[in-house]
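Below: one structure, written as structure tokens.
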Protein chains: 2
Amino acid sequence: MTVAKAVEQLLPDKNLVYFGDVARTPYGSKSAATICRYARQDTEFLLNKGAKIIIIACNTAASVASDLLKAQFPVPVFEVITPAIDKALAESASNRIGVIGTRATIKSNIYEAKIREARAEARVFSQACPLLVPLVEEGWLDKRETKMIIRRYLHPLKHKGVDTLVLGCTHYPLLKHLITPRIGRQVNVIDSSTAVAEMVKKYLQNHPEVDKALATGGESTYYVSDVTDAARVTAQRIFGRKLELIQVDVEGN
Amino acid sequence: MTVAKAVEQLLPDKNLVYFGDVARTPYGSKSAATICRYARQDTEFLLNKGAKIIIIACNTAASVASDLLKAQFPVPVFEVITPAIDKALAESASNRIGVIGTRATIKSNIYEAKIREARAEARVFSQACPLLVPLVEEGWLDKRETKMIIRRYLHPLKHKGVDTLVLGCTHYPLLKHLITPRIGRQVNVIDSSTAVAEMVKKYLQNHPEVDKALATGGESTYYVSDVTDAARVTAQRIFGRKLELIQVDVEGN
């Protein structure tokens with residue numbers, strides 16, 4: 001939803017179809033095979049709803065399933081990792097880059113591999129932060145325990161002297177106000193949700209044929225695989241208003 | 001898995017078929033309709049594997065789906081709620097009973113309703129503790145943050161002067177060593193995993209025809225819908241040894 005909001009802000013005239021797999025969340029603790037299966041079902045659902053561009057708005061799914069989706073579906077597939085890495089490389093002067101994410105994202109090693117592929121001299125320090133997603137989903141955005149847990153997770157990175165920190169999970173922008181002071185205000189904190197929206201905007205400017213094919217009017221539709229209180233509360237927190245969440249079942253796809 | 005272990009200890013000669021829906025966990029944050037669909041698929045899988053008795057070893061599924069499963073399937077269906085309530089009523093002298101569980105279990109109000117049905121003068125104080133499952137699954141069983149979060153959750157119950165506390169989630173026995181001193185050592189802490197195993201044992205003593213139909217030899221088989229590191233680690237923690245986890249897909253059921 002942080003990605004959907006960033007896209008709406010940067011491309012206010014385009015129609016957006018959102019699917020949140022609330023019923024099977026969190027992906028971060030699932031195996032690669034299961035995540036790939038879910039990602040394929042989710043994408044098929046969005047294409048059936050008329051999507052002309054896919055954004056994998058989840059670092060876990062992107063790290064595990066983006067090559068599969070790019071190979072299997074005939075539309076441009078964006079994900080949140082590449083744009084965040086591009087931005088991190090542009091902003092880092094010391095080439096010491098920190099990455100935080102779910103256990104699955106960090107274990108996939110994708111950030112380190114891609115950063116080092118682009119810039120061999122860069123050093124990447126990764127830290128899995130598996131409790132941050134449940135804390136965000138509980139709405140504990142300012143609790144003392146949340147601050148302590150963030151301190152515990154960031155402690156190793158702080159001592160590595162990173163000058164750039166990638167928020168490698170689309171939940172983490174909601175904790176940016178705690179993460180930034182803890183890692184140090186001199187550190188560039190990269191929000192992958194904003195980064196991918198900027199990349200899609202640039203892509204459309206360079207590909208007018210795709211841009212023209214997109215439905216316009218600024219309508220957004222939000223599908224979820226389960227309507228829960230937490231999904232409602234998170235939506236309200238991110239968008240600052242109530243969203244209409246439409247329940248659908250994508251398991252058959 | 002805490003239930004499987006309690007059953008193995010009390011009925012060491014019976015064969016046990018376990019299914020853990022790791023891929024779609026946690027149920028606690030899902031809607032009732034989704035939980036019912038999953039519970040039906042899970043039960044069908046176990047019956048296909050030859051189960052003659054079903055134990056719903058999850059408070060969330062029990063609170064939402066046990067009536068459905070009892071109505072739909074022709075085998076005895078046990079769940080973790082009734083035995084824990086029976087035990088709590090037997091042990092409480094003040095009739096002030098606390099219940100902790102996931103958001104879905106507490107929201108279902110099933111403990112309060114069933115306790116008051118059995119004993120109208122009882123007072124039930126409930127508290128949802130949604131972060132305890134992720135903390136257990138992370139293995140943060142002795143961290144300072146876990147203690148603080150438990151203190152925050154138990155604070156209201158402590159001030160209600162309960163003399164009995166039901167652990168209304170099968171993950172919570174792994175935190176009993178923190179919960180008991182926090183709520184107060186004079187409080188009876190009821191572990192639903194042990195309570196249901198005791199009830200099944202008693203049932204089999206009273207129903208020799210069912211007892212005889214059960215396969216014996218003391219073999220246990222552990223199926224999961226996803227083999228994750230966390231599932232492996234949790235299994236090892238609970239059983240004190242490595243378990244062979246067999247991956248299966250029950251979505252088609």
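Readers should treat all values here as calculations from the given coordinates under stated rules, not as data from a laboratory. What you see is a predicted model, and the numbers here were worked out from it, not measured in a lab. Virtual Cβ from ideal backbone geometry, glycine too; neighbours counted across all protein chains shown.
Its residues counted as N, chain B yields a C-alpha radius of gyration over 2.2 N^0.38 Å of 0.97. In the frame of its principal axes, the stretch A:81-192 has Cα extents of 39, 27, 20 Å, reported largest first. Listing B:Thr105, A:Thr180 from fewest to most neighbouring C-beta atoms within 10 Å gives A:Thr180, B:Thr105. Can you give the FRET efficiency for A:His177 and A:Asp249, using 1/(1 + (r/R0)^6), R0 = 35 Å, r = Cβ-Cβ distance, to the nearest 0.05? The pair A:His177/A:Asp249 has a calculated efficiency of 0.45. Sparsely packed loop sites in the stretch A:204-253 (the GluC sites (Glu not before Pro) outside DSSP H, G, I, E and B with at most 11 other Cβ atoms within 10 Å) comprise A:Glu219, A:Glu244. Mind telling me which of A:Thr34, A:Thr146, A:Thr194 comes out most flexible in a GNM of chain A, alpha-carbon contacts under 10 Å? Highest fluctuation of the listed residues: A:Thr34. What share of Cα pairs, in percent, lie more than 28 angstrom apart in the protein assembly as shown? Tail of P(r) above 28 Å: 57 percent of Cα pairs. Efficiency by 1/(1 + (r/R0)^6): what FRET value for A:Glu198 and A:His159, r their Cβ-Cβ distance, R0 = 41 Å, to the nearest 0.05? That pair, A:Glu198 with A:His159, gives E of 0.85. From least to most packed, judged by other beta carbons within 10 angstrom and beginning with the fewest, B:Ile179, B:Ile81 follow the order B:Ile179, B:Ile81. Annotation for the stretch A:182-253 versus the stretch B:40-67: alpha-carbon center distance of 37 Å.
Partner shielding of B:220-228 amounts to 2, given as the average count of beta-carbon atoms from other chains within 10 Å of each residue beta-carbon. Over 20 Å apart at the Cα level, from the set B:Lys30/B:Lys176; B:Lys5/B:Lys176; A:Lys107/A:Lys176; A:Lys30/A:Lys160; A:Lys87/A:Lys201, are B:Lys30/B:Lys176; A:Lys107/A:Lys176; A:Lys30/A:Lys160. Per-residue ellipticity at 222 nm computed for the protein assembly as shown from its helices equals -15000 deg cm²/dmol, with DSSP H segments shorter than 4 residues left out and the rest contributing -39,500 (n - 2.57). Over the stretch B:68-115, consider all pairs of different Cα atoms and compute the Kirkwood hydrodynamic radius from their mean reciprocal separation; express it in Å, one decimal. With all distinct Cα pairs of the stretch B:68-115 included, I get 12.3 Å. Spin-label model, A:Ala33 to A:Glu91: label points 7 Å out along the Cα-to-beta-carbon direction sit 3.9 nm apart.
Across the stretch B:1-103, the volume of the C-alpha convex hull divided among the residues equals 117 Å³ per residue.
When DSSP beta bridges are restricted to pairs lying wholly in chain A, around 5% turn out antiparallel. Annotation: the antiparallel percentage among DSSP beta bridges lying fully within the protein assembly as shown is about 5. Ordering B:Leu69, B:Ile54, B:His155 by the projection of their Cα atoms onto the charge dipole of chain B, which places +1 on the Cβ of Lys and Arg and -1 on the Cβ of Asp and Glu, puts B:His155 at the extreme positive end.
Put in order of Cβ neighbour count within 10 Å, fewest first, the listed residues B:Glu91, B:Glu112, A:Glu121 become A:Glu121, B:Glu91, B:Glu112.
For A:Leu165, the residues whose amide H sits under 5 Å from its own are A:Gly98, A:Asn188, A:Val189, A:Ile190, ignoring neighbours fewer than 5 places away on the same chain, with H placed 1.01 Å from N. Would you work out which of B:Val189, A:Ser31, B:Ala113 lies farthest towards the positive end of the dipole of the protein assembly as shown, given +1 charges on the beta-carbon of Lys and Arg and -1 on that of Asp and Glu, about the Cα centre? So the residue furthest toward the plus end is B:Val189.
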